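Engineer: First, the structure itself, so that you have it in front of you.
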Protein chains: 2
Amino acid sequence: MTLHTLLLTATASLGLAAQAYAFEPLTIIDQGSFSAGGTVLSEPGTFDTKNPMSTAGQTFHGDHAYAFYQVPEAPRSLPLVLWHGAFQSGKSWETTADGREGFQTLMLRRHFPVYTIDQPRRGRAGNSTAPAEVSPTNFDQLYFDMFRIGQWPNYFDGVQFDESEATLDEFLRSVTPNTGAFDVDVVSDGVSALVEEIGPSILVTHSQAGGPGWLTAIKNPNVKAVISYEPGSGYVFPEDEMPEPMTGSAGTLEPVAIADEDFAKLTQIPIVVYYGDNIPEEPTEDFGLDNWRTRLAMARLWVDAINDHGGDATLVHLPQIGITGNTHFIFSDTNNAQIADLAAEWIEEKGLGDLAD
Amino acid sequence: MTLHTLLLTATASLGLAAQAYAFEPLTIIDQGSFSAGGTVLSEPGTFDTKNPMSTAGQTFHGDHAYAFYQVPEAPRSLPLVLWHGAFQSGKSWETTADGREGFQTLMLRRHFPVYTIDQPRRGRAGNSTAPAEVSPTNFDQLYFDMFRIGQWPNYFDGVQFDESEATLDEFLRSVTPNTGAFDVDVVSDGVSALVEEIGPSILVTHSQAGGPGWLTAIKNPNVKAVISYEPGSGYVFPEDEMPEPMTGSAGTLEPVAIADEDFAKLTQIPIVVYYGDNIPEEPTEDFGLDNWRTRLAMARLWVDAINDHGGDATLVHLPQIGITGNTHFIFSDTNNAQIADLAAEWIEEKGLGDLAD
C-alpha cells in the first residue's frame, strides 16, 4: 500500500470522503507563517531572573493576527487574505468537513497566493490583552440552524452539505472560542498590519469578518478589493444616510455610522458580496433563518449606498443566478469549486487577476 | 517587481530575514487539515429552533486535536507528527521567528509527510469541555530566561537565536494560551486518535508535550518512534523503580509512576531525546537555568531505565557532540537545518526512513 493510498484509506475510514478523491500535485514557491500587528503590555518594576514568576518588569505580546501563507507556481500579483467568521479560525478555509479541498487549496490552484489568518484573540493568535472566560456552551444545534444547514435535525432539501454524521462532527469541531472580547478595532488593526506587511491584496471575509473587513479596507489602501461571504454585521453607512435598524426574531440589526470620508474609501475599490440559499424574504419566527433575512436586506441597502456614491459593489444572491442549496459557509459547501471559479472570474473582470511579472 | 521579490522585500522590511533567502519550490502531493478525537457534551431537553439561545437539547464538540498536513513528492512511508509545547501551537514548527524555514518545511524537503498539530484546548483546537479563565500574564522575560535565549536582557554568547528586536517580537507572538485546563489524558487521547487515523507515524514532541508523548506511544501502537526536544515533565517510570524527586530553585520535579506493562511498551520503539546548550550541571539560583538542570538529570535516569529494560533510548546533549548555543527551541534555532538532518539520520539509522512504495 502506498502512502498516498494509505492516506486516502484513512480519509475514507473517517467517512470524510464518500468518493475517493485524488489530489493533483501542487508546486509551492513559498510558504510559512508569521504574526502581524498587535500591542505590548508592560508592567512597572524590574525583572528578577531569580524570581521570574513575579510579573514585575515583564511584558506581554498580544492582539496580533496570525497568517499561514502559500504562493503557488506562476502566481497572480494580488494574494488573497482569507478571514474567518465568528467561532472559527483559519481552519474554515482548509479541507472541507467532508474531506474535499477547501478554498485555501482551490485558490492556490487558481494561481492566487493565499494567506489564511487567525484574527487577533482567536486560534493561534490567542494571546489577548483583554481577559476572557472561556466556557463550553452547547450551541451545536444553534449553529446547524444559524449556518442554514437545515432546521435541526432536518437538512434542507438540496443543501450543498454532505449529510453524513462524520461530516457534521468534523464541521462542529471547526468551532473555536474567542480568547478575549471580540473587538472590531483590534481585529481590523491586526489585519491592517498584515496587509501593510504583505502589500496590495484582496480581502476575502466571512460572516463576522464582514464589518471589520470594511474597516480594514478603510484603514489600509493595500486592500484592493473585498469579496465578502455573507457578512453578518457592521454594515457601515455615512452618518447622515443611516437606514432604519431592522428587527426580526433574531434581534435588531443596527447599521453602523462612519465618517463620510471613510465611507468614500469603500467606493474606490470593487466589492462583491455573496449570500446563499434558504434565506426568507418575509419575517419568520425561525431565529436562524430570520437572522439572515434582515442581513440580506441590509446588505442590499448597503450595496446601493456604495453605488449611489460612485462605488462598485455587487450583491450576488446565489439562488438568483441559479446556484441553489448554499449554506452560510458558501466557500466550503459541496459546490465550492464553482464558488471559487465565480470569485476568480469576478477578480479577473475587475482587472485584478494578472499574473505577477 | 515580481511577487516573489515583493514577498522577500516585505520579509526584509519586517526584519524577519537579515539575509535574503530563496525558497526552493516544493511539490506537494496532498495537503489539508482535520480534527481527531475529542468528546461531545449533551444537555438534556429539546432543542427549539425558535429559541436556539437556550442550550436545552443542544450538544458541544470539544477536546479534539487539530492537524494541518502536507505530503511531499516521493514521500517516506512514516509521517512526522509535530507536537508543540506549553504556551505554543503548531506555529512553533512553521517559519522561524527570524523568517527562515521551520521544521515543517525542512522535514517536507527531507521527504517526510508532516502533520503539524494544535493539541486539544490550544490554538485552532480551542473548544474545551472544561472552562478556563484566560488572562494576559506578563511573562515575556520569564520565557526569555526559561527558553534559554539568555538571561534577560542579555543573550547568551553564541546563542543560536537571531538577536534582532523584530525576531524577539515575532517569537513572543507565538505564545498562545490554553482554552481549558491542561490535562495529560485529554491531550494524549487527542493525539492518539490522530495517529489512529493517520496510521504508523513518528511522534516529534517539544517540552510540555514530552510527557503526554510517552503516554500517546503507550496508548497507540501506531507510534513507531519518538523524537523529543527537551521534554519538560512527565518522565514515566515503573512503579517500583521511581527515582527521587529532584529539587532546585525552579521547584521540585516529580517522576511519574506507571504500570510495568505500560513502561514496557516504551521499550519496544526507538526513542531519542535532545537537550540544548547552557544547562548547568550544578544547582544555581537562576530559575530558568536550574529548571533544565533537573530535567536533563531526570532525562538521563529515564533513558537509562528504558535501556535497562531492553529498550532503545538515546539522550543527545548537543554540546557533547559539538553543537553549541541551542535554546529550548532547538528545532527553530539558527542551526535548525543541522538539527533536522540529525533527526532524519537517526530515523534512517533506526530503519524507519524508507520511502513509501
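We did not get these values from a lab; they are worked out from the coordinates using the rules stated. The shown structure was predicted, so the numbers you read here are calculated from the model rather than taken from an experiment. Cβ placement follows ideal geometry from the backbone for every residue including glycine, while neighbour counts extend to all protein chains displayed.
Engineer: Return the distance in nm (one decimal) between the two label points of a simple spin-label model at residue B:264 and residue B:109, each offset 7 Å from Cα along Cα→Cβ.
Structural biologist: 4.4 nm
Engineer: Computed from the mean reciprocal separation of all distinct C-alpha pairs, what Kirkwood hydrodynamic radius does chain A have, in Å?
Structural biologist: Working: mean 1/r = 0.0468 Å⁻¹.
For chain A, inverting the mean 1/r across all distinct Cα pairs yields 21.4 Å.
Engineer: Let me ask you something else. Provide an ascending nm list, one decimal, of label-point separations from residue B:22 to the equivalent residue in each further copy; define each label point as 7 Å from Cα along Cα→Cβ.
Structural biologist: Those label-point separations list as 3.3 nm.
Engineer: Just tell me how shielded B:43-53 is by partners: mean number of partner chain Cβ atoms within 10 Å of each residue's Cβ, no decimals.
Structural biologist: That average works out to 6.
Engineer: At most 12 other Cβ atoms within 10 Å and a DSSP loop assignment: could you name the GluC sites (Glu not before Pro) in the range A:224-329 that fit? Can you show the working numbers first?
Structural biologist: Details: sites: A:239, A:241, A:261, A:281, A:285; in loops: A:281, A:285.
When the GluC sites (Glu not before Pro) of the range A:224-329 are filtered for loop state and at most 12 Cβ neighbours within 10 Å, A:281, A:285 remain.
Engineer: Using the 10 angstrom Cβ neighbour count as an exposure proxy, how do A:306, B:258 rank, fewest first?
Structural biologist: Details: A:306 23, B:258 19.
Listing A:306, B:258 from fewest to most nearby Cβ atoms yields B:258, A:306.
Engineer: For residue A:182, put the label point 7 Å out on the Cα→Cβ axis and report which residues of the range A:289-332 keep their amide N under 11 Å from it.
Structural biologist: none
Engineer: Working from the pairwise distances between different alpha carbons, so that the mean of 1/r is found and then inverted, what is the protein assembly as shown's Kirkwood radius in Å?
Structural biologist: 26.1 Å
Engineer: Another question, then. What distance in nm separates the simple spin-label points at residue B:24 and residue B:40, each placed 7 Å from Cα in the Cβ direction?
Structural biologist: 4.7 nm
Engineer: Still on this structure, I have one more. Rounded to the nearest 20 Debye, what is the dipole magnitude of the range B:28-349 about its Cα centre when Lys and Arg each give +1 and Asp and Glu each give -1 at the C-beta?
Structural biologist: Values: 17 positive and 46 negative charges, 206 e Å.
The calculation lands at about 980 debye.
Engineer: Rounded to the nearest 20 Debye, what is the dipole magnitude of the protein assembly as shown about its Cα centre when Lys and Arg each give +1 and Asp and Glu each give -1 at the C-beta? Provide the component values of the computation, followed by the final result.
Structural biologist: On the way: 36 positive and 98 negative charges, 129 e Å.
It works out to roughly 620 debye.
Engineer: When Cβ neighbours within 10 Å are restricted to other protein chains, what is their mean count per residue of peptide B:62-68? Before the final figure, lay out the partial values.
Structural biologist: Values: counts 6, 2, 5, 1, 8, 0, 7.
The per-residue average across the peptide is 4.
Engineer: Can I ask one more? By count of other Cβ within 10 Å, fewest leading, how are B:228, A:192, B:89 ordered?
Structural biologist: Details: B:228 25, A:192 22, B:89 30.
The most exposed by this proxy come first: A:192, B:228, B:89.
Engineer: Relative contact order of the range B:28-349: what whole-number percent is it, with Cα pairs under 8 angstrom and at least 6 residues apart? Show your work: numbers first, answer last.
Structural biologist: On the way: 694 pairs, mean separation 55.0, N = 322.
Rounded, it is 17 percent for the range B:28-349.
Engineer: Then there is this: Given R₀ = 60 Å, what would the calculated FRET efficiency be for residue B:59 paired with residue B:282, taking r from the Cβ atoms and rounding to 0.05?
Structural biologist: Numbers: r = 55 Å, r/R0 = 0.91.
Taking R0 as 60 Å, the efficiency between residue B:59 and residue B:282 is 0.65.
Engineer: At residue B:251, label 7 Å along Cα→Cβ: distances to the other copies, nm, ascending?
Structural biologist: 3.9
Engineer: What are the ³J(HN,Hα) values, in whole Hz, obtained from phi via the Karplus relation 6.51 cos²θ - 1.76 cosθ + 1.60 with θ = phi - 60°, for each residue of the range B:77-89 in sequence order, with x given for Gly and Pro?
Structural biologist: Each residue of the range B:77-89 in turn: 6, 9, x, 9, 10, 8, 10, 5, x, 5, 6, 10, 10 Hz.
Engineer: Mind jotting down the distance between the C-alpha centroids of the range A:80-117 and the range B:225-253, whole Å?
Structural biologist: The distance from the Cα centre of the range B:225-253 to that of the range A:80-117 comes to 41 Å.
Engineer: From the label point of residue B:163, set 7 Å along Cα to the beta carbon, how far off in nm is each other copy's matching point, shortest first?
Structural biologist: Output for residue B:163: 6.6 nm, nearest copy listed first.
Engineer: Something else: Below 23 Å Cα-Cα, how many Lys pairs turn up in the protein assembly as shown? Only count pairs eight or more apart in sequence, or on different chains, if you could.
Structural biologist: So the count works out to 11.
Engineer: Another one. Quick one: of the DSSP bridges fully inside the protein assembly as shown, what percent are antiparallel, nearest 5? Provide the component values of the computation, followed by the final result.
Structural biologist: On the way: 56 of 110 bridges.
Of all bridge pairs located within the protein assembly as shown, approximately 50 percent are antiparallel.
Engineer: Something else about it: Looking at chain B, send over the antiparallel percent of its DSSP beta bridges, to the nearest 5. Mind showing how you got there, number by number?
Structural biologist: On the way: 25 of 52 bridges.
Counting only bridges with both partners in chain B, antiparallel ones make up about 50 percent.
Engineer: For the pair residue B:247 and residue B:316, how long in nm is the line joining their label points, each one 7 Å along Cα→Cβ?
Structural biologist: Taking the two extended label points, one gets 3.6 nm.
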